[in-house]
Amino acid sequence: MANLDLIDEIVDAVFQQGGVKVFISKVAAHTGVPGNERADTLAKRAVDEVWAKQEINKINRRNAAISLSR
């Protein structure tokens with residue numbers, strides 16, 4: 001099965017939240033389907049932005065901890 005590592009990550013994240021129902025099913029690829037390629041591009045951009053914000057927050061927390069320890 002493709003993307004099994006990604007599915008495992010999603011399942012782990014869902015269990016950590018608790019009380020969330022998730023249904024995972026295979027869907028056709030975005031390639032060649034009108035509008036879906038654009039939706040895929042936007043979804044990937046959103047994920048990149050969220051990831052970047054999380055990394056910035058980690059750096060800020062790390063810097064704050066370093067400042068407090070001095």
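The values are calculated or read from the model by the stated rules, or taken from the named source; none is laboratory data. If you're wondering where the values come from, they're calculated on a predicted model, not measured in any experiment. With ideal geometry, Cβ positions are generated from the backbone for all residues, glycine too; neighbour counts draw on all protein chains shown. Areas reflect the complete protein model, heavy atoms only, side chains present, ligands, DNA and RNA absent. Shrake-Rupley method; radii C 1.70, N 1.55, O 1.52, S 1.80 Å.
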Review point. So what's the back-of-envelope 222 nm ellipticity for the chain, counting only DSSP H runs of four-plus at -39500 (n - 2.57) apiece and dividing by all residues, rounded to 500?
Key: -24000 deg cm²/dmol
Point to revise | Gaussian network model of the chain, springs between alpha carbon atoms under 10 Å - residue of 47, 27, 14 with greatest fluctuation | key: 14
Point to revise | Charge-dipole axis of the chain as Lys and Arg at +1 and Asp and Glu at -1 on Cβ define it, positive-most pick from 65, 13, 50 | key: 65
Practice item. Compute the FRET efficiency between residue 8 and residue 33 as 1/(1 + (r/R0)^6), taking r as their Cβ-Cβ distance and R0 = 25 Å, and round to the nearest 0.05. Key: 0.40
Exercise for review: For the chain, report the accessible area per residue in Å² (1.4 Å probe, heavy atoms, rounded to an integer).
Suggested key: 95
Review point. For Rg and Dmax of the Cα atoms in Å, the listed values are (1) 13.4, 38; (2) 17.6, 56; (3) 14.6, 51; which was obtained by calculation from the structure presented?
Key: (2)
**Study point:** Accessible carbon and sulfur surface of the chain relative to its total accessible area, %, 1.4 Å
**Key:** 58
Check your understanding: Want the number for residue 21 to residue 53: 0.36 nm per residue separation, take away the alpha-carbon distance, what's left?
Key -> 8.9 nm
Check your understanding: Mind checking the dipole of the chain: about its Cα centre, +1 per Lys or Arg Cβ, -1 per Asp or Glu Cβ, Debye to the nearest 20?
Key -> 380
